[in-house]
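Read the structure below first, then the notes.
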Amino acid sequence: MSDWLALIYPYAKAFHVMAVISWMAGLFYLPRLFVYHAERGRTPEPAESFAIMEAKLLRLIMNPAMIATWLSGLSLVLTPGIVDWSMAWPWTKAACVLAMTGFHMWCAGQRRLLEAGKGHPGRRYRLMNEVPTLLMVGIVVSVIVKF
């Protein structure tokens, strides 16, 4: 199995980068939609439009991208000789990826709340919009610096 993983490693890495870009784009945009939904979606027509955009972004882009990120990332991690588990960087990256996945799930829950008319004020979503950026910084620094 390890020979097969080593053979596909460059392709898995390229696919992983593309999946991460897609997932991050959604994680950056969905909370921004929540801000608009919370602040401008007080009447039925705009609220319905925001709900449709949020649901499609989550279902058609973010969920598949997250799954692709995880599957390709796990194939990279399982390739022998790629990750030195005695260093701190794989553990900090893993913690940030788990937190990113948790944030994704939080966003999915917020989408349902907003659709039901029970979401938070726009200010909270503005603050939460910074979470993926902070996690991305942690991931990129971990992987590039390899401390």
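At-a-glance table
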{"item": "Any hit, the range 6-14, residues being within 25 Å of L134 (Cβ to Cβ) and part of a helix (DSSP H, G or I)", "result": "yes"}
{"item": "All helices (runs of 4 or more DSSP H) inside the range 30-119 with 2 or more residues being surrounded by 16 or more Cβ atoms within 10 Å (Cβ to Cβ) and of a type in the set (K, R)", "result": "89-115"}
{"item": "Filter result (among the hydrophobic types (A, V, I, L, M, F, W, C) and either in contact with a Lys or Arg (Cβ under 6 Å, 6 or more places away or on another chain) or in contact (Cβ under 8 Å) with a residue 60 or more places away in the chain (or both)) within the range 64-98", "result": "L76, L78, I82, M87, W89"}
{"item": "Subset of the range 62-91 (residues that are in contact with a Phe, Trp or Tyr (Cβ under 8 Å, 6 or more places away or on another chain) and under 24 Å from F28 (Cβ atoms))", "result": "M62, A65, M66, A68, T69, S72, L76, W89"}
{"item": "Residue within the range 45-65 that is touching a Pro at 6+ places or on another chain (Cβ under 7 Å) and either closer than 17 Å to R112 by Cβ or modelled with pLDDT of 95 or more (or both) present", "result": "no"}
{"item": "The range 36-63 residues that are within 19 Å of R124 (Cβ to Cβ) and of a type outside the set (A, V, I, L, M, F, W, C), paired with ones that are surrounded by 14 or more Cβ atoms within 10 Å (Cβ to Cβ) and at pLDDT 90 or above (beta carbon under 6 Å, 6 or more apart)", "result": "H37/F50; H37/L114; E39/G122; G41/F50; E54/L33; E54/R111"}
{"item": "Count of residues meeting criterion [over 14 Å from the mean Cα position of the chain (by Cα) and of a type outside the set (S, T, N, Q)] in the range 110-145", "result": "21"}
{"item": "Selected residue (criterion: surrounded by the most Cβ atoms within 10 Å (Cβ to Cβ)) from residues of the range 15-29 that are within 21 Å of N129 (Cα to Cα) and hydrophobic (A, V, I, L, M, F, W, C)", "result": "W23"}
{"item": "Search result, residues across the range 125-140 that are in a helix (DSSP H, G or I) and either touching a residue at least 40 places away in the same chain (Cβ under 8 Å) or touching a helix residue (DSSP H, G or I) at 6+ places or on another chain (Cβ under 7 Å) (or both)", "result": "Y125, R126, M128, V131, P132, T133, L135, M136, G138, I139"}
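For every residue, the table says whether it meets (1) in contact with a Ser or Thr (Cβ under 8 Å, 6 or more places away or on another chain); (2) among the β-branched types (V, I, T).
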position	(1), (2)
A6	yes, no
M24	no, no
H37	no, no
P44	no, no
S49	no, no
V77	no, yes
K93	yes, no
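The values are calculated or read from the model by the stated rules, or taken from the named source; none is laboratory data. In this text, all values refer to a predicted model and were calculated from it rather than measured experimentally. Note: ideal-geometry Cβ built from the backbone for every residue, glycine included; neighbour counts use all protein chains shown.
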